[in-house]
Structures are given as structure tokens and as C-alpha cells.
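Q: Structure below; questions to follow.
The values are calculated or read from the model by the stated rules, or taken from the named source; none is laboratory data. Source: prediction; values computed, not measured. Quick reminder, even Gly has a Cβ in these numbers, built from the backbone with ideal geometry, and neighbours come from all protein chains shown. For accessibility, only protein heavy atoms count, side chains too; no ligands or nucleic acids. Shrake-Rupley method; radii C 1.70, N 1.55, O 1.52, S 1.80 Å.
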Amino acid sequence: MSYAIPQGVQVSLGLDINGAATIVPANMVWYKLSDHNRQPINVTYSLIEAADRMANGTLRKFIIARKFVIKIDWKDFPTLDSNLVDYNGGNVYGAAWFKAFYEGNAFNPIYVKLIYALDTAQSNSIPVSGSYSDSKNSTGQVYNAYMTTFTYEVSKRMVATSGTTGYDYVNLAVEFTEI
């Protein structure tokens, strides 16, 4: 078992560079979401269970499935990508891009990749020396999910000055639920 610390998030539609559907994560086109004012990534479990009362009065519960719920939110997130602290020539995306991505894919399954720093746990022991892998070299954990919650609130409106584009700072929150 590995204990993981979420470090970054990427999304994909499950398409390769030619636009063909693929289920191999290494062949998918991934879009990195910015870490600009991102709050900690919250990964929880959602249990789907059935509970029935037996004839003798005892309660019996059956766990049908365990699904991951991933909640991510940003505070004062720029809508203009070039204002992101981790903007590097267009390979990271901000609030306006993510809002357009949500509106175009709200009811479609997507892929979410969380980049982790990992350390492998040992049963009844401490982790073995050398079992750590840093988040920079991590391939990440991929989930097939729906975007179940999305909120977009403009917190600051920046007025365009002469010759430049105006933009907003927004508070954005998204929740992904594993399929």
C-alpha cells in the first residue's frame, strides 16, 4: 500500500494527439491545471452500500462500491492564462480555460490524473529506505470520473488599460466523482 500526497492535477478527454479515443494513459493528451492559489487537493471515499434489516432484527450492510471523490478549489484564480504564476509559454491552464472545458464536457466522462509524491508502506513495519518517488518524476494516478460540482465566482474584476486585455480573478471549485 502506498501513502500519497496530492501535488498536481491534469485532465484529459481520453484522446491521443490524433483525436482518436484511447484507454492508455501514456498515449492521452493531458492538460495541466495551474497551481496558482490552489488549495490542498481533497481526496475522499464515497461508499455505496445497501443496508437491510433481517428477520431476527439484526442489520446487515453490504458495501457495493467505493468511489473516490476529488475536490479541488482555487482562490483568486486569474482568468487570463499569461497571469498565472506557473505559466510557461502555454502549457498550463487557468480559470477561463477550465470553465470552457467544464461547459463543453459537463456530462461526459473524463480522465483526471493526480500527481503524487509516494512512499510505499509496509505492513507492521516502517517504509523501506529507497521506496520514495518524488512528484516531479511521478506518472500519477488516473481516475475515470464525472465533474459533479463546479462553481465559478468572480471575486475581482480587473479593468483593461489601454492596449491590454481585461481579466478577472475568480474563486473556482470543482468536484470529480469516480465512475
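Q: Mind counting the residues in the range 49-93 that are in a strand (DSSP E or B), free of Cβ contacts under 8 Å to residues at least 24 places away in the same chain and not aromatic (Phe, Trp, Tyr)?
A: 12
Q: Still on this structure, please answer the following. Would you check which residues across the range 97-113 are of a type in the set (Gly, Ala, Ser) and without any contact (Cβ under 8 Å) to a residue 24 or more places away in the chain and list them?
A: Ala100, Gly104
Q: Go through the range 77-99 and give me each residue that's open to solvent by 60 Å² or more (accessible area, probe 1.4 Å) and at negative phi.
A: Matches in the range 77-99: Ser82, Val85, Tyr87, Asn88, Asn91, Trp97, Lys99.
Q: Can you list residue pairs whose Cβ atoms sit under 6 Å apart, with the first residue in the range 6-26 being in contact (Cβ under 8 Å) with a residue 24 or more places away in the chain and the second being basic (Lys, Arg) and open to solvent by 40 Å² or more (accessible area, probe 1.4 Å)? Count only pairs 6 or more apart in sequence or on different chains.
A: Close Cβ pairs (under 6 Å, with a partner that is basic (Lys, Arg) and open to solvent by 40 Å² or more (accessible area, probe 1.4 Å)) amount to Gln10/Lys32.
Q: Follow-up question, since we're still on this one. Please specify each residue of the range 46-73 satisfying the condition of being open to solvent by 90 Å² or more (accessible area, probe 1.4 Å) and small (Gly, Ala, Ser).
A: Ala55
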